Ligand SMILES: *Cc1c(COP(=O)(O)O)cnc(C)c1O
């Protein structure tokens, strides 16, 4: 299948999952995860209609984004953010950083933004699976993290992000997404000043339909669009 066909297939699956759960497909935004793929392939995808691209490594994004010849709407940073990489990430103008999971990083990001008169939309990443290999704050720590980060200047919390458990057990995967939604709902009852909970970034190639059924507004899809990745 060509790129246009793959994009249409994913968009149809998003629409079907949305309708099944009585949601408007327009409320779900597809982020094309382009990690490991060359700029030429990303250009093909942009030309075929994708508008938002996600990368998880700053060096790779820094290398590839300037090579793109097709216009795009948004670059999303979805990987783990180390404090010492903030100054490399920010010139790439991420529309949204999905992966803030500790106060110290948020504080440094806020300081950078203040010094450069920039504002940055962020999501707080939660480890909903309990897997030690996954980044994200512990669910119990989220309310305090949210409060603390909300008080920092020039950062704007827009919602939450998680990576579902890597498992064939659909219930276990679904429970990760339900947990994220419940955490969102709890914050929404009494949100700290300036906090918006408009986004749940959850769902990848193998589980995005479940994530949509549980309320995802941003789905991050890589291999479903670009085929499997080879790491070098
Ligand atoms: C790689 C990656 C994805 C996309 O994964 P696929 O299974 O290829 O769809 C989504 N989110 C994050 C954070 C990733 O690192």
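Each reported figure results from applying straightforward, stated rules to the coordinates on display, with no laboratory input. This structure is a prediction, so every number in the text was calculated from the model and none was measured. Please note: Cβ atoms are built from the backbone with ideal geometry, for glycine as well, and neighbour counts cover all protein chains shown.
See the values below:
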{"item": "Residue in the range 126-143 that is touching a residue at least 12 places away in the same chain (Cβ under 8 Å), more than 16 Å from the ligand (Cβ to nearest atom) and buried (at least 20 other Cβ atoms within 10 Å of the Cβ) present", "result": "yes"}
{"item": "Test: residue 201 is free of Cβ contacts under 8 Å to residues at least 12 places away in the same chain, within 13 Å of the ligand (Cβ to nearest atom) and under 19 Å from the mean Cα position of the chain (by Cα)", "result": "no"}
{"item": "Test: residue in the range 166-177 that is within 16 Å of the ligand (Cβ to nearest atom), touching a strand residue (DSSP E or B) at 6+ places or on another chain (Cβ under 7 Å), farther than 16 Å from residue 139 by Cα and not in a helix (DSSP H, G or I)", "result": "no"}
{"item": "Residues satisfying the stated conditions in the range 39-64, i.e. away from the ligand (no atom under 16 Å from the Cβ) and farther than 20 Å from residue 122 by Cα", "result": "39, 40, 43, 44, 46, 47, 48, 49, 63"}
{"item": "Residue satisfying all of: in the range 204-220; touching a strand residue (DSSP E or B) at 6+ places or on another chain (Cβ under 8 Å) and part of a helix (DSSP H, G or I); farthest from the ligand (Cβ to nearest atom) among these", "result": "212"}
